[in-house]
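> There's a structure below that I have some questions on.
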Amino acid sequence: MALPDQIETRGTLVRDKDLAGLTWLRVGGPAEWFFMPADEDDLARFLADLDPDVPVFPMGVGSNLIVRDGGIRGVVIRLGRGFNGITVDGNRVTAGVAALDAHVARKAADAGVDLTFLRTIPGAIGGAVRMNAGCYGAYMADVFVEAQAITRAGERVTLTADDLNFQYRQSDLPEGWVITHAVFEAPKGDPAALAARMEAQLAKRDETQPTKDRTAGSTFRNPAGFSSTGRADDSHELKAWKVIEDAGMRGATRGGAQMNPMHANFLTNTGDATAADLEGLGEEVRKKVYEHSGIKLQWEIMRVGEPADK
C-alpha cells in the first residue's frame, strides 16, 4: 500500500489544491491531495494501491457543498472529462457522473425520454444519485436502474437501487466508493413537449429562486421529507423556507453569509463569507426554527473537511 505521490497515475495528482474555486459557494480550504483520474482504469488502480488509512472523498461540481476553512485531509477525487458521456438507447439513458443534470435532461428530451425533472437541479449526475435528487414530485430513485462504481479497494461493482437504499435526499453509498456512471429508465415523450415543459420549469425557478446569487441550492431538507412537487395543490406548511421565514430568519446574516431575502432556504455568500460564516448561520437558523416550531431542520448541503483551527 502506498501514499498518493508513490502511485503511478495517468491523471492529474496535486497537493494542497484550492477547493474554494471548485464550489458554487466559493469557500473552503485546500485538499491535502487532489486527483483527477484519466479514466476508470486509472481510478481503479489508484484506489487499489492507495494506503487504506488515507481517506478518500469523491467530489462533484461542488454545487451542494460547503468545504470547511481548514480543508480536506486525504484525497479528493474529482471525475472530469472521460466521465461525462451521455447515451440514449430506447427509453434508457446512460450518463457519466460528471455529466451535468441539465445536460442529461436536455439530451434525453431530444431523444424523446422524459427526465425533465433534472433540468432545474444544480450539479452533476453523481451527486444527484448520491443525494436522490428530485423536484416536481420525481426523484432519481424513480428512474434509477443501476450504477457502476469503484470501491475503496479498487474493485468494480454494479449497484442496484436496493444496494443504495434510496431515501429522501440520501442513499447508502459506502465511504470512499466512487460512482462512475449510472443508467436510468424513464417514460417516452414528445421532444417538443418535453422541451416546452423544461422551459416552463426554468421560468418558474427564475421567478422564485435566487439563481444569480452565490448559493448551493436548497440548504435544508423539507421537514418530514415532503417534496416540492410544484402542483397547484401543494401544501407549504412543512416546507423548509416557510418554517425558516416563520422563525424570522429570512434575510438573516452572519459575516458575509445570508439567508437569501428572495428564498429563505437558500444560504448565500454575499461576497466575502467564510465556510464558518455559512455553516454558523445555518446552525443558527436550525436553532431558531427549533425554538419557534419544535422542528429540527436537517442539512441538505453536505459539509466536509476541517475547521480553520484544526
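> Tell me the label-point distance for the pair Thr253, Arg81, using the 7 Å Cα-to-Cβ offset, in nm and rounded to one decimal.
Calculated label separation equals 4.2 nm.
> So what is the accessible area of the chain per residue, in Å², with the probe set to 1.4 Å?
Counting only protein heavy atoms, the per-residue value for the chain is 45 Å².
> Same structure, new question: Can you check what the net charge comes to around Pro174, using other residues whose Cβ is under 15 Å from the Cβ of Pro174 (Lys, Arg +1; Asp, Glu -1)?
Residues close to Pro174 contribute a combined charge of -2.
> So what is the diffusion coefficient of segment 1-133 in µm² per second by Stokes-Einstein at 10 °C and 1.306 mPa s, using a Kirkwood Rh over Cα pairs?
Stokes-Einstein gives a translational diffusion coefficient of 100 µm²/s.
> Okay, moving on. If I take all pairs of Cα atoms in the chain, what percentage of them are more than 31 Å from each other?
32 percent
> Tell me, what ³J(HN,Hα) does each residue in segment 112-120 have, in order and in whole Hz, if you take phi through Karplus 6.51 cos²θ - 1.76 cosθ + 1.60 with θ = phi - 60° and put x for Gly and Pro?
x, 10, 8, 10, 4, 4, 6, 4, 9
> Say we join alpha carbon atoms closer than 10 Å with springs in a Gaussian network model of the chain; which of Lys204, Lys242, Lys212 then has the biggest fluctuation?
Lys212
> Same structure again: Among Lys242/Lys288; Lys212/Lys296; Lys17/Lys212, which pairs are too far apart, with a Cα-Cα distance over 18 Å?
Lys212/Lys296; Lys17/Lys212
> Cα-based Rg (one decimal) and Dmax (whole number) for segment 8-50, in Å?
Expressed in Å, the Cα Rg and Dmax of segment 8-50 come to 12.0, 33.
> Let me ask you something else. Where the eigenvalues come from the Cα gyration tensor of segment 93-215, what are the semi-axes √(5λ) of the equivalent ellipsoid, largest first, in whole Å?
26, 17, 12
> Over the chain, what relative contact order in percent results from Cα pairs under 8 Å that are six or more residues apart?
Here the relative contact order equals 18 percent.
> At a 1.4 Å probe, what is the % contribution of carbon and sulfur to the accessible area of segment 160-206?
52 percent
The values are calculated or read from the model by the stated rules, or taken from the named source; none is laboratory data. Owing to the predicted nature of the structure, the values given are computational and were not obtained by experimental measurement. All Cβ positions, glycine included, derive from the backbone under ideal geometry; neighbour counts span all protein chains shown. Please note that ligands, DNA and RNA were not included when accessible areas were found on the heavy atoms of the full protein model with its side chains. Shrake-Rupley method; radii C 1.70, N 1.55, O 1.52, S 1.80 Å.
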